[in-house]
Amino acid sequence: MAVSRTIIIAGAGIGGLTASLTLARAGFRSMIIERESKLEETGAGLQISPNASRILIDLGLGPELAGRAIVPDTISIASTRANGDIATIPIREMAEKRYGAPYWVLRRADLQAVLLAKVIENPDIDLQLGCRFEDVATYPTGVTVAHRAGTSRRQETALALIGADGVWSSVRNELFPDRRPQFTGRIAWRGIVDSDQLPRGFATGRVQLWMGPNAHLVAYPMADGRRINIVAIVTGSWNRPGWSEPGDASEIGQHFTPPHWPIAPRMMIGAVESWRKWALFAMPDGGVWAKDKVALLGDAAHAMLPFVAQGAAMAIEDAAVLANCLQQQPGEIAAAFRHYEQLRKPRVSRVQRTARATGKIYHMAGAMAFARDQSIRLLGSRRLLSRNDWIYGWR
């Protein structure tokens, strides 16, 4: 693989795989080093809004993803204070018309599988599994990346290194050891149920949000609507780093009890047989982006709260912008990475702030919840969606 056009990517998640494809389209070769010996599902479902689906379609992945994704008819917003729906957004109709790209929900594993198949068939991408990043040295002509495969330590020389290795990024820790994600005081619980186990009247063609005191619940379909992904967000002090641990159903049930929570969301919680939980960590607003010939993307750069469903979308956007910056300045890697930071930091900072504020709104109680519900009703579906134009309409 020619060093003069090769970029090493640490991490074969959604961001790393997408970056390898955007780089290939921009004329670069890439080597992906991934510490896991095989790529397995982490997490369950994803919401891919038009700002990200547009990029994936431009990469030629539209037909494969359309066959695996669901385009929900509506996003329904319900409140425990109102004991039911307070707004319904016709997202299927409005997304294509307003943004020119679909709003998808799909299994994370399906998105990863489609990206992986495209990566494997591309001769300009070399995927190395079971390779753990260890360190990087920068030189005027590029970088040398050390990684370990089993007991063998190897070194690769390339133009640059991209850290796409997640919230606990080893690349970030090497470059910026004092910049670490912080626990947000929120814990996410995830479970999957068959759609026929949910309450009568649950619409499988929608994304359902329930807002309540100190917690909220999101449910949306996957796999042709037969399986429903349920995510519950609660406040708490459990803050063990990691992606997912087994969760006790009785523990999560304590956060969704009457009289604060009505029967419908409680039945959704009760239908889940097996829970996984993870503490939500986030990077400070603005994230951390690049140093010399090393850049970060996705959660490695700017892990955020998931309350506007933009974690994967921001990583996909990062990959597109980063490749474009390198294509514009192929001989000035450090300058290209600085330009990438200048372009991405303001937008990502705003998304981080919006996600944090949205979580507070979702978890309101009492008079504040009543005022929130009235405001949502008055805004109506079209104005509610237009508040996200700056996110979904990005190009």
Karplus-derived HN-Hα couplings along the range 82-93 (A = 6.51, B = -1.76, C = 1.60, θ = phi - 60°), whole Hz, x at Gly and Pro: 8, 6, x, 5, 10, 6, 9, 9, x, 5, 4, 5
Cα→Cβ-extended label distance, 7 Å offset, between residue 378 and residue 239, nm: 3.7
Other-chain or far-sequence residues with amide H under 5 Å of residue 223's (modelled H): 107
Cβ charges +1 (Lys, Arg) and -1 (Asp, Glu), total dipole of the chain, debye: 960
Label selected from [x] 5, 23, 33, 24, 11, 4, 0; [y] 4, 20, 28, 25, 14, 6, 3, 1, 0; [z] 4, 12, 12, 12, 11, 9, 9, 7, 6, 5, 4, 3, 3, 2, 1, 1, 0, 0, 0, 0, 0, 0, the criterion being P(r) over Cα pairs in 10 Å bins from 0, in percent as computed here: [x]
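Nearest 0.05, what FRET efficiency do residue 250 and residue 353 give at R0 = 35 Å with Cβ-Cβ as r?
Details: r = 35 Å, r/R0 = 1.00.
Here the calculated transfer efficiency is 0.50.
Restricting to DSSP loop positions (anything but H, G, I, E, B) with no more than 16 other Cβ atoms inside 10 Å of their own Cβ, which trypsin sites (Lys or Arg not before Pro) remain in the range 131-228?
Loop-located and lightly packed - 179, 200, 226.
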Intensity falloff of the range 81-208 expressed as log10 I(q)/I(0), Debye formula with alpha-carbon point scatterers, at q = 0.09, 0.10, 0.18 Å⁻¹: -0.54, -0.65, -1.21
Neighbour cut-off at most 12 other Cβ (10 Å), DSSP loop, trypsin sites (Lys or Arg not before Pro), the range 16-77: 38
Qualifying GluC sites (Glu not before Pro) in the range 5-111, DSSP loop, other Cβ atoms within 10 Å at most 11: 40, 41
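Counting only helical runs of four or more DSSP H residues, what would the 222 nm mean residue ellipticity of the chain come to if each run contributes -39,500 (n - 2.57) and the total is spread over all its residues?
-11000 deg cm²/dmol
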Dipole of the chain [Lys/Arg +1, Asp/Glu -1 at C-beta], most positive-end residue of 330, 271, 214: 214
Length released on extending from residue 173 to residue 386, taking residue separation times 0.36 nm less the Cα-Cα span: 72.9 nm
Among the listed pairs 277/360; 118/277; 97/345; 38/293, those beyond 26 Å (Cα-Cα): 118/277; 97/345; 38/293
Selected from 90, 161, 130, residue furthest toward positive end of dipole (the range 75-184; charges at beta carbon): 90
Label-point separation in nm, residue 152 to residue 226, each point 7 Å along Cα→Cβ: 4.2
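Values in this text are rule-based calculations from the coordinates and carry no lab data. Owing to the predicted nature of the structure, the values given are computational and were not obtained by experimental measurement. Please note: Cβ atoms are built from the backbone with ideal geometry, for glycine as well, and neighbour counts cover all protein chains shown.
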